[in-house]
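To start, the structure under review is shown below, and the notes come after it.
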Amino acid sequence: MVVYLPRSAWNARPPNGGPGNLTVSRVQGAVIHWPGTGSTRPIHSQTAVASALRGWQDFHMDDRGWSDIAYQVAVDQAGRAWTLRGLRVQSGANGNADLNERYGAVLLILVTGEQPTAAMKATTRGVIADFRRLFPRGTAIRPHSAVRPDGTDCPGPAARAAIARGDFTPTSSEDDMTPAQMQELKNFIEARSQAYALWVHRQLRRDLSAVVRAYALDIKNYERQTDAADAQRAAAAVWATAPDNFPTNTEPKPAPDPQPEPDPGTEPDLLLPEPEPMPTVDTAPDGASGTDGSAPAADGSAPVDAAATPVTPDGAPDAQPESGADPEPNPEPKR
Ligand SMILES: [Zn+2]
């Protein structure tokens, strides 16, 4: 647990406006800085540190025109932590507005040639752990030289090496989350999981729609083909009952099955072939036509009275007509 010296400990001026607090969801980590005085004169005592901090605040506000000293927190070689802007407030130290929104800013009060003490390292780990409690996704610890686009030597070779070694990385006990932080992280993970599930659901529905469309098309094609096959079978069945000389327009008549003899009782007249013209014989009764009152008989048999059909004793129709005329097209016996 880090105890932070208040702003009053270094006689800070009040800030002049400022960018406000960091946004939890945007913060990726903390950037480590040094003053970069170019001097090897140590700044170790509390008075010396307080005086130095006030000088840098004046420089940042009066010369640079910033709202406050640029950093969030300072850590000195004695292991003191100093409240500058504070861990919640966006810094002005990282190089541009985007970097300031994505990273916090911790100032190590190191001068040229100095190695960070064990006390500075321990307190810095505590500060980073506090930062992570405020910003659970802000776990990165980066030297200023790694993020500033136009380059810098900040925070110096010794601090850079310490970062690389993990000297400022909180241990598990230092990095323990409070229940509230755990809940915040849990909420974040749950929200992401739900968004992912929704995305998967939408993808699946899109894929499934494509499958259903393809399936429906297959069904339609299948029905079209089976409809055609059924219609062909039905047509064949009808054609099979048609007589040989049934007028067919364009439809080819299927190969005829062995045809039963037509039933004259049920065969429709429509299906009968056109009868040949009747022979042109004089059927008028005697005396009504002709000169001798009798029908001509080529074979010399008795004249036939056409008005009254002669019937043989057994009921069979008379054989007609006489030779010289075409035979009746349908020789079937009449009832
Ligand atoms: Zn820096």
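Observations on the structure shown:
- Residue tally, condition of a type in the set (Val, Ile, Thr) and out of contact with any Pro (no Cβ under 9 Å at 6 or more places or on another chain), over the range 107-126: 3
- Check on residue 129, within 30 Å of residue 40 (Cβ to Cβ), of a type in the set (Gly, Ala, Ser), touching a residue at least 40 places away in the same chain (Cβ under 8 Å) and open to solvent by less than 60 Å² (accessible area, probe 1.4 Å): no
- Hits in the range 84-110 (condition: surrounded by fewer than 19 Cβ atoms within 10 Å (Cβ to Cβ) and near the ligand (Cβ under 10 Å from one of its atoms)): 95
- Looking at 92, 86, 104, just one residue is within 18 Å of residue 147 (Cβ to Cβ), in a loop (DSSP other than H, G, I, E, B) and touching a Phe, Trp or Tyr at 6+ places or on another chain (Cβ under 9 Å), and that residue is 92.
- Scoring residue 151 on the criteria (1) closer than 23 Å to residue 60 by Cβ; (2) open to solvent by 60 Å² or more (accessible area, probe 1.4 Å); (3) assigned to a loop (DSSP other than H, G, I, E, B) leaves a single failure, condition (2).
- Complete set of residues in the range 59-76 that are of a type outside the set (S, T, N, Q) and open to solvent by less than 50 Å² (accessible area, probe 1.4 Å): 60, 61, 68, 69, 70, 71, 73, 74, 75, 76
- From the options 195, 180, 158, residue that is under 20 Å from residue 120 (Cβ atoms) and not hydroxyl-bearing (Ser, Thr, Tyr): 158
- Residue list for the range 1-56, restricted to those being more than 26 Å from residue 173 (Cβ to Cβ), assigned to a helix (DSSP H, G or I) and open to solvent by less than 60 Å² (accessible area, probe 1.4 Å): 7, 9, 10, 48, 49, 50, 52, 53, 55, 56
- The lone exception for residue 122 - which of (1) more than 26 Å from residue 185 (Cα to Cα); (2) open to solvent by less than 60 Å² (accessible area, probe 1.4 Å) it fails: (1)
- So residue 122, is it within 16 Å of the ligand (Cβ to nearest atom), touching a residue at least 24 places away in the same chain (Cβ under 8 Å), part of a helix (DSSP H, G or I) and closer than 25 Å to residue 37 by Cβ: no
- The range 162-176 - residue that is open to solvent by 40 Å² or more (accessible area, probe 1.4 Å) and more than 25 Å from residue 88 (Cβ to Cβ) and, of those, farthest from the ligand (Cβ to nearest atom): 165
- Residue match in the range 145-155 (condition: in contact with a Pro (Cβ under 8 Å, 6 or more places away or on another chain) and under 16 Å from residue 114 (Cα atoms)): yes
The values are calculated or read from the model by the stated rules, or taken from the named source; none is laboratory data. Worth saying up front: this structure is predicted, and the values here are computed from it rather than measured. Neighbour counts run over all protein chains shown; Cβ positions are idealised from the backbone, glycine included. Calculation scope for accessible area: heavy atoms of the full protein, side chains included, ligands and nucleic acids excluded. Shrake-Rupley method; radii C 1.70, N 1.55, O 1.52, S 1.80 Å.
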